[in-house]
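Structure first, then comments.
Taken together, the values in this text are just the output of simple stated rules run on the coordinates, not laboratory data. Keep in mind the model is a prediction, meaning the values are calculated, not measured. So basically every Cβ, Gly included, is an ideal-geometry build from the backbone, and we count neighbours across all protein chains shown.
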Amino acid sequence: MITKKFNSRKELSKWLRHVSGILLLSVSYTKDVSTIIVNTQSPRFVAEAMDVRPFPKGQYLVKYEYIEHKENSQQPDDIPYMESVWGLAYDANLFDCSKILQRSKLIYEMADFEYCISTDRDSGAYRITSLLAKKPENPLDLEKLLAVMKKYTEVYSIGRKGDHMNEMNTFFRGKQLA
């Protein structure tokens, strides 16, 4: 395992876009490790997520391994991701001492999918998470991902790279806005 330090998010993004032949093990923001949660081995997906979701300014640590490149084999990052699912979830401590645990359950249920969390605000009373997931190619996996998003997010949107949220691709509490 190799650890590399980056002094800025711009430096990290540039490196992620040009590196090949590696598997990401972790991406950490040095000031607050819980701010960035990455469940993907794809450097390019994290770089694309940085374009869509704001990453905090500061230093980052990346842990990775080199992978063996076999002749005529296609690397996962040779295929750029074009479609994603974005969601917003939260955990909250309510006045009556009960809890809403959307965020915690969402992260648990997302274990089988590639995703990146880049904003994770914690006030003590609530914790808000913005998540960007790579849209699976397999229709059954996509159905499972959308069921998770419907159940555990307040709002989610399905789109191609460059699309904007609109009433046709955005769902609030599981119901389409259109």
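Take the Cβ atoms of Val155 and Asp32, set R0 to 30 Å, and the FRET efficiency comes out at 0.80. With R₀ set to 35 Å, the beta-carbon distance separating Leu177 from Asn93 gives a calculated FRET efficiency near 0.75.
With a Förster radius of 45 Å applied to the C-beta separation of Lys57 and Lys105, the computed FRET efficiency comes to 0.90.
Is the chain rounded, prolate or oblate when judged by the Cα gyration tensor, a ≥ b ≥ c being the square roots of its eigenvalues, rounded requiring a/c under 1.5 and prolate requiring a/b larger than b/c?
oblate
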